[in-house]
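Undergrad: This is the structure I want to talk about, given as structure tokens.
The values are calculated or read from the model by the stated rules, or taken from the named source; none is laboratory data. Computed from a predicted model, the values in this text were never measured in an experiment. As a convention, Cβ positions derive from the backbone with ideal geometry for all residues, glycine included, and neighbour counts pool all protein chains shown. Ligands, DNA and RNA are excluded from the accessible area calculation, which covers all protein heavy atoms including side chains. Shrake-Rupley method; radii C 1.70, N 1.55, O 1.52, S 1.80 Å.
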Amino acid sequence: MKPTKPVPGRVHLTDAAARKLPGPAQGRSEIVHWDATLEGFGLRVYATGRRIWIVGCRVERRQRWVTLGTIAELKAAEARKKAGEIRAKAKLGHDERAEIEKRKAEVRKPAPETFGSVVDRYLHFAERKQKPSSYRETARYLLRRARPLHDRPFAEVHRTMIAGLRSKIVQASGSIAANRFCSALSAFYNWALGEGLAETNPVAGLRREREIPRERVLSHEELRAIWACTGGASHFGKIVRLLMLTGGRPGEVAGMTWPELDLDRSEWLIPGERVKNGRQHLVPLSTLALEVLADVPRVRDRDLLFGEGKGPFSGWSKAKRQLDKRLEDM
């Protein structure tokens with residue numbers, strides 16, 4: 001706002017003068033007292049009692065006004081020095097008012113969306129679209145494996161970062177884990193493209209690691225040793241024994257429910273939503289498998305055989321380490 005016309009006569013603005021100079025006449029909202037020695041330097045006094053230092057200058061024929069601060073924030077000498085600097089820069093074409101507006105606009109600008117926040121949005125979508133087992137894998141790769149990217153602005157995550165993260169996964173967990181990570185990330189970016197959140201898919205064209213199929217099978221001696229180390233009441237031990245007896249996948253056995261079992265007919269019917277190919281699968285149960293199942297206690301209001309709470313068994317890594325230790329001690 002352009003200051004009102006100065007009162008007749010000018011004073012040398014000091015701290016004492018700034019406190020004593022009169023406010024505006026009745027009916028006016030403000031008055032400006034101009035300094036006697038520094039052109040454009042003034043004290044604006046409001047009817048409310050507020051008093052601020054100001055400076056005016058011309059930048060390329062445009063009149064500009066800059067607020068320096070209140071008399072409580074700046075001493076008169078400090079305000080005078082800042083006013084002189086602003087006027088000197090204005091003669092060289094520097095527009096301090098424009099710089100202030102630019103900084104304010106930057107502060108008001110919303111913070112860029114992070115990679116992690118976009119992942120959270122995608123997982124809400126994926127949970128509705130994917131099978132539970134597929135969703136768990138997607139969430140694991142995007143929440144845990146991609147964790148180093150979460151705090152970065154989403155738009156700044158590029159192919160080099162992803163390639164570096166993939167290389168670390170290869171070293172830590174192997175080529176299969178790295179490829180699954182890239183697949184989950186590629187699906188995530190395809191969704192982001194469809195939502196208008198991304199311009200490209202940085203995973204597209206990224207080299208995938210060669211996967212070597214597993215050919216080795218456990219010997220009879222190894223199977224006997226594992227059987228001997230998985231007795232007792234632990235859920236993990238029972239899961240391992242059922243894996244050996246049924247040929248099921250770890251996720252299928254860990255997520256086994258009582259309604260899927262027909263113990264009288266010695267059958268286990270896995271529903272399509274829990275099978276990789278999406279088709280229900282009937283598994284015959286041997287006498288040994290029935291004996292393992294007979295030793296699993298039923299828990300009221302819980303269909304799942306293994307694990308605690310609402311979900312299936314978890315804690316694979318810790319249980320596997322304990323099993324390895326028992327096998328070493330045999």
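Undergrad: Can you say whether Ala98 is surrounded by 13 or more Cβ atoms within 10 Å (Cβ to Cβ), assigned to a helix (DSSP H, G or I) and of a type outside the set (Phe, Trp, Tyr), as far as the supplied structure shows?
TA: Details: surrounded by 13 or more Cβ atoms within 10 Å (Cβ to Cβ): no; assigned to a helix (DSSP H, G or I): yes; of a type outside the set (Phe, Trp, Tyr): yes.
Spelling it out, it is not the case that Ala98 is surrounded by 13 or more Cβ atoms within 10 Å (Cβ to Cβ), assigned to a helix (DSSP H, G or I) and of a type outside the set (Phe, Trp, Tyr).
Undergrad: Name the residues in segment 5-57 that are farther than 30 Å from His94 by Cα, outside any loop (DSSP other than H, G, I, E, B) and open to solvent by less than 80 Å² (accessible area, probe 1.4 Å), would you?
TA: Within segment 5-57, Ala16, Ala17 meet the criteria.
Undergrad: Still on this structure, please answer the following. Considering only residues of segment 282-330 that are charged (D, E, K, R), surrounded by 11 or more Cβ atoms within 10 Å (Cβ to Cβ) and within 41 Å of the chain's Cα centre (by Cα), which is nearest to Arg241 (Cα to Cα)?
TA: To start, the set of residues in segment 282-330 that are charged (D, E, K, R) comprises 291, 295, 298, 300-303, 308, 310, 318, 320-321, 324-326, 328-329.
Next, from what is left, pick out any that are surrounded by 11 or more Cβ atoms within 10 Å (Cβ to Cβ): 291, 295, 302-303, 308, 320, 324, 326.
Still in the list and also within 41 Å of the chain's Cα centre (by Cα): 302-303, 308, 320, 324, 326.
Working: Arg302: 22, Asp303: 20, Glu308: 19, Lys320: 13, Asp324: 15, Arg326: 15 Å.
Result: Lys320.
Undergrad: Same structure again: In segment 190-205, is there at least one residue being within 27 Å of Lys276 (Cα to Cα) and of a type in the set (Ser, Thr, Tyr)?
TA: No, that holds for no residue.
Undergrad: Looking at (1) within 33 Å of the chain's Cα centre (by Cα); (2) touching a residue at least 60 places away in the same chain (Cβ under 8 Å); (3) over 21 Å from His220 (Cα atoms), which is the only condition His235 fails?
TA: Result: His235 fails condition (1) only.
Undergrad: Restricting attention to segment 101-124, which residues are surrounded by fewer than 13 Cβ atoms within 10 Å (Cβ to Cβ) and of a type in the set (A, V, I, L, M, F, W, C)?
TA: Across segment 101-124, the qualifying residues are Ala105, Val107, Ala111.
Undergrad: Give me the residue from segment 140-198 that is within 29 Å of Ser317 (Cβ to Cβ) and among the β-branched types (Val, Ile, Thr) and, out of that set, most open to solvent (accessible area, probe 1.4 Å).
TA: Ile176
Undergrad: Still on this structure: Between a residue in segment 291-306 that is among the charged types (D, E, K, R) and any residue that is open to solvent by less than 30 Å² (accessible area, probe 1.4 Å), which pairs come within a Cβ distance under 6 Å, given they are 6 or more apart or on different chains?
TA: Asp303/Thr257; Asp303/Trp258
Undergrad: Looking at segment 75-90, can you tell me whether even one residue there is open to solvent by 90 Å² or more (accessible area, probe 1.4 Å), within 24 Å of Asp151 (Cβ to Cβ) and outside any helix (DSSP H, G or I)?
TA: No, segment 75-90 contains no residue that is open to solvent by 90 Å² or more (accessible area, probe 1.4 Å), within 24 Å of Asp151 (Cβ to Cβ) and outside any helix (DSSP H, G or I).
Undergrad: Same structure, new question: Looking at Glu199, Glu260, which is the one that is free of Cβ contacts under 8 Å to residues at least 12 places away in the same chain and within 30 Å of Ala294 (Cβ to Cβ)? Quick ask: steps written out before the conclusion?
TA: Values: Glu199 fails: within 30 Å of Ala294 (Cβ to Cβ).
Exactly one of Glu199, Glu260 is free of Cβ contacts under 8 Å to residues at least 12 places away in the same chain and within 30 Å of Ala294 (Cβ to Cβ), namely Glu260.
Undergrad: Residue by residue through segment 129-175, note down the ones that are polar (S, T, N, Q) and either part of a helix (DSSP H, G or I) or modelled with pLDDT of 90 or more (or both).
TA: Matches in segment 129-175: Ser133, Ser134, Thr138, Thr160, Ser167, Gln171, Ser173, Ser175.
Undergrad: Residue check: is Glu291 modelled with pLDDT of 90 or more, touching a strand residue (DSSP E or B) at 6+ places or on another chain (Cβ under 7 Å) and assigned to a helix (DSSP H, G or I)? It would help to see each step written out before you state the result.
TA: Details: modelled with pLDDT of 90 or more: yes; touching a strand residue (DSSP E or B) at 6+ places or on another chain (Cβ under 7 Å): no; assigned to a helix (DSSP H, G or I): yes.
For Glu291, the condition - modelled with pLDDT of 90 or more, touching a strand residue (DSSP E or B) at 6+ places or on another chain (Cβ under 7 Å) and assigned to a helix (DSSP H, G or I) - is not met.
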